[in-house]
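A.B. asks: This is the structure, below, for whatever I ask next.
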Amino acid sequence: MLYHLVMLEPDDPGAMPWIEEAMAILATLPAQLSGFTEFRHGPNRDFEQKSERYPYGFLCTFTDKAALDAYTANPDHRRAGALLVASCKNGADGIFVVDLEV
């Protein structure tokens, strides 16, 4: 199983509508893609005060690498990704991604 964690550093508070639109798009994908089992998103509470740079994020659960690859290639994922890049500080540099295999 893979956990695909994406943390976002918005360019400014006005970016939240674009992030919310991207989350709405991504939330439709588990029903469309085999092996994409769960999607969650929300604010980073940063209780350990180690990630304040990233106030928002999302987590996807995939059964395997093939499911993650199908997600990556999906046109709706690409559309949501473009919204996120446009809304984050320094574009793609404002997005931190971890793929954790468990």
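The values are calculated or read from the model by the stated rules, or taken from the named source; none is laboratory data. Everything quoted here is computed from the prediction, not taken from an experiment. Neighbour counts are summed over all protein chains in view; Cβ atoms, including those assigned to glycine, are modelled from backbone coordinates with ideal geometry. For accessibility, only protein heavy atoms count, side chains too; no ligands or nucleic acids. Shrake-Rupley method; radii C 1.70, N 1.55, O 1.52, S 1.80 Å.
A.B. asks: Compute the signed sum of charges (Lys and Arg +1, Asp and Glu -1) over the other residues within less than 13 Å, Cβ to Cβ, of Asp99.
C.D. replies: -2
A.B. asks: Under 14 Å from the Cβ of Pro43, count the other residues' Cβ atoms, weight Lys and Arg +1, Asp and Glu -1, and hand me the total.
C.D. replies: Net charge around Pro43: -1.
A.B. asks: Would you please name the trypsin sites (Lys or Arg not before Pro) within the range 18-60 that are DSSP coil residues with at most 12 other C-beta atoms within 10 Å of their C-beta?
C.D. replies: Counting only loop positions with at most 12 other Cβ atoms within 10 Å, the trypsin sites (Lys or Arg not before Pro) in the range 18-60 are Arg45, Lys50.
A.B. asks: When a/c reaches 1.5 or more, the comparison of a/b and b/c decides; with that in mind, is the range 16-68 rounded, prolate or oblate per its Cα gyration tensor?
C.D. replies: Oblate.
A.B. asks: Just check the chain against the gyration tensor rule for me: Cα atoms, a ≥ b ≥ c as the square roots of the eigenvalues, rounded for a/c under 1.5, and otherwise prolate or oblate depending on whether a/b exceeds b/c.
C.D. replies: The shape class here is oblate.
A.B. asks: Carbon and sulfur atoms: what percent of the 1.4 Å accessible area of the chain do they account for?
C.D. replies: Percent of accessible area from carbon and sulfur atoms in the chain: 55.
A.B. asks: For the chain, modelled as a GNM with alpha-carbon contacts under 10 angstrom, which of Glu21, Glu48, Glu38 fluctuates the most?
C.D. replies: Glu48
A.B. asks: Test of understanding: in a Gaussian network model of the chain with alpha carbons linked when under 10 Å, which of Phe47, Phe36, Phe58 would top the mean-square fluctuation ranking?
C.D. replies: Phe47
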